Amino acid sequence: MVGLRIGTLLESESAQPADLIAKRLNRHTFWCGQSGSGKTYALGVLLEQVLLRTRLPLVILDPNSDFVGLGDVRDGAPPASADALAERDIRVLRPHGERPLQVRMLDMPVRSQASIIDLDPVRDAEEYNEMLSLASEFPLIDDRHLVPHLRASDSTVRHRLALRLENLGVAEWRLWAWGGRSVTDDIDDQPDATVVDLGGFATPAESRAAALAVLDHLWARREDRIGRLIVIDEAHNLCSPDPQSAVERMLTDRIVQIAAEGRKYGLWLLLSTQRPSKVHPNALSQCDNLALMRMSSPRDLAELGDIFGYAPSALLDRSPTFAQGQALFAGGFIDAAALVQMGERLTHEGGIDVPVLMR
Ligand SMILES: Nc1ncnc2c1ncn2[C@@H]1O[C@H](COP(=O)(O)OP(=O)(O)OP(=O)(O)O)[C@@H](O)[C@H]1O
Ligand SMILES: [Mg+2]
């Protein structure tokens, strides 16, 4: 069975290696720990192993640009691993990057488009309905000319849609591919990893729309049944238990749907966040794998104990004493629940902590 070597077992004699079971990434995984506990670093260790040992394509939603160096091997990495990683097809799409992170607006489901301009099907019944009828014209519209197209019509409802697009600044977003290449084209090529750098957009709204476009696409293509690991770091940004805006609701609904129904289609989530209560409970309850790093809040630990009954409470209780880079792994992806000292990264981290400067 292919093992993913992520570090060494804590308290083992002569630093016994710790392996995760690669095949069991065909479930959802929850990765949790307080800020600075080393989640992002440790997650990188696992993703490097996935790249080295499996053909499982990764789609990484990366809100803080932490994984943009995933293809960039560190000096001193073992040559065999460095060579193997260098051969992998790792595509980093960034708002201002060489490969721009862009999306074709008119490819998105109408409900998602409507949420981006904050249209509610009941409250804004007329505009919403016009969006539905507009959808049949999408193949005929050059999306760059969407606003002029709306204005050219005699319909005042269409004029109001144009106003919304302009007033919210949506028509000006860097995110739109305007007929060009979309991140979904890259995902469909099935590279070994697609890093979707959600940091660096001018507004959080743009970043959320990018994430929604990716998740909508993966869901729409679920019948392809291509096993994929969909990594969402800082998952509370996209899967809040209490979404506020229309787009946030769409995102939470989509992720909860993938958590509930995606497994059999090969849509496997890995959700990482600081506290269990920050992610929607219906997504959490579907996670069969748990990685827990340092967590000192008793309330959060009690909640984890309730949700993840398979994690032994004696080990959960150790979490407040974990040093950076130590973690509890439990669930299907490890033979028996164990405490692990994470190994070293082979590739560069995007956003390492800012140091205190000394005199
Ligand atoms: N095992 C490790 N070895 C060396 N450095 C580490 C290790 N784990 C974490 N670090 C460093 O500690 C800092 C914080 O780690 P990291 O960003 O992974 O924390 P985090 O849990 O993701 O925090 P946040 O929730 O704020 O995103 C980073 O600068 C990282 O480089
Ligand atoms: Mg982090």
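The values are calculated or read from the model by the stated rules, or taken from the named source; none is laboratory data. Computed from a predicted structure; not experimentally measured. Neighbour counts are summed over all protein chains in view; Cβ atoms, including those assigned to glycine, are modelled from backbone coordinates with ideal geometry. We work out accessible area using only protein heavy atoms, side chains counted, and drop any ligands, DNA or RNA first. Shrake-Rupley method; radii C 1.70, N 1.55, O 1.52, S 1.80 Å.
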Task: Options SER112, CYS32, SER155, ranked by Cα towards positive dipole end of segment 31-189, top entry (Cβ charges) - done: CYS32
TODO: Starting from the Kirkwood radius over alpha-carbon pairs of segment 1-125, derive D by Stokes-Einstein at 25 °C in a medium of 0.890 mPa s and give it in µm² s⁻¹.
DONE: 137 µm²/s
Open item on the list: Using the crude model of +1 on Lys and Arg Cβ and -1 on Asp and Glu Cβ, and no other charge, please compute the dipole size for segment 245-320 relative to its Cα centre, in debye to 20.
Closed with: 160 debye
Task: Carbon + sulfur, % of accessible area of segment 173-292 - ligands and nucleic acids excluded, 1.4 Å - done: 41 percent
TODO: Counting residues in segment 170-304 as N, plug N into 2.2 N^0.38 Å and put the Cα Rg over that result.
DONE: 1.09
Open item on the list: If each residue of separation counts as 0.36 nm, what is the full-extension length gain between ILE141 and ALA84 once their alpha-carbon separation is subtracted?
Closed with: 16.1 nm
Task: the chain: relative contact order in percent, alpha carbon pairs under 8 Å with at least 6 residues between - done: 31 percent
Open item on the list: Among the complete DSSP H segments of the chain, which ones combine at least 18 Å of alpha-carbon extent along their axis with a mean Kyte-Doolittle hydropathy of -1.0 or more?
Closed with: 39-53, 204-220, 246-261
Task: Taking all pairs of distinct alpha-carbon atoms in the chain, Kirkwood radius in angstrom - done: 21.5 Å
- [ ] Can you list which of the GluC sites (Glu not before Pro) found in segment 114-186 are DSSP loop residues with at most 14 other C-beta atoms within 10 Å?
- [x] GLU137
Open item on the list: Can you say what percent of the DSSP beta bridges in the chain, counting only those with both residues inside, are antiparallel? Round to 5.
Closed with: 35 percent
Task: Neighbour-limited loop hits for GluC sites (Glu not before Pro), segment 2-83 (at most 13 other Cβ within 10 Å; DSSP other than H, G, I, E, B) - done: GLU11, GLU13
Open item on the list: As a test of the formula, what do you get for the chain when each DSSP H run with n ≥ 4 contributes -39,500 (n - 2.57) and the sum is divided by the residue count, at 222 nm and rounded to the nearest 500 deg cm²/dmol?
Closed with: -9500 deg cm²/dmol
Open item on the list: I want to verify the translational diffusion coefficient of segment 59-193 in µm²/s; compute it with Stokes-Einstein, Rh as the Kirkwood radius over Cα pairs, at 20 °C and 1.002 mPa s.
Closed with: 123 µm²/s
- [ ] Would you give the gap between the C-alpha center of segment 100-141 and the C-alpha center of segment 215-268, rounded to a whole Å?
- [x] 20 Å
Open item on the list: Just the number please: accessible area per residue for the chain, 1.4 Å probe, all protein chains included, in Å².
Closed with: 45 Å²
TODO: Write out the chymotrypsin sites (Phe, Trp or Tyr not before Pro) in segment 225-332 meeting two conditions: DSSP loop, and at most 14 other Cβ atoms within 10 Å of their Cβ.
DONE: TYR310
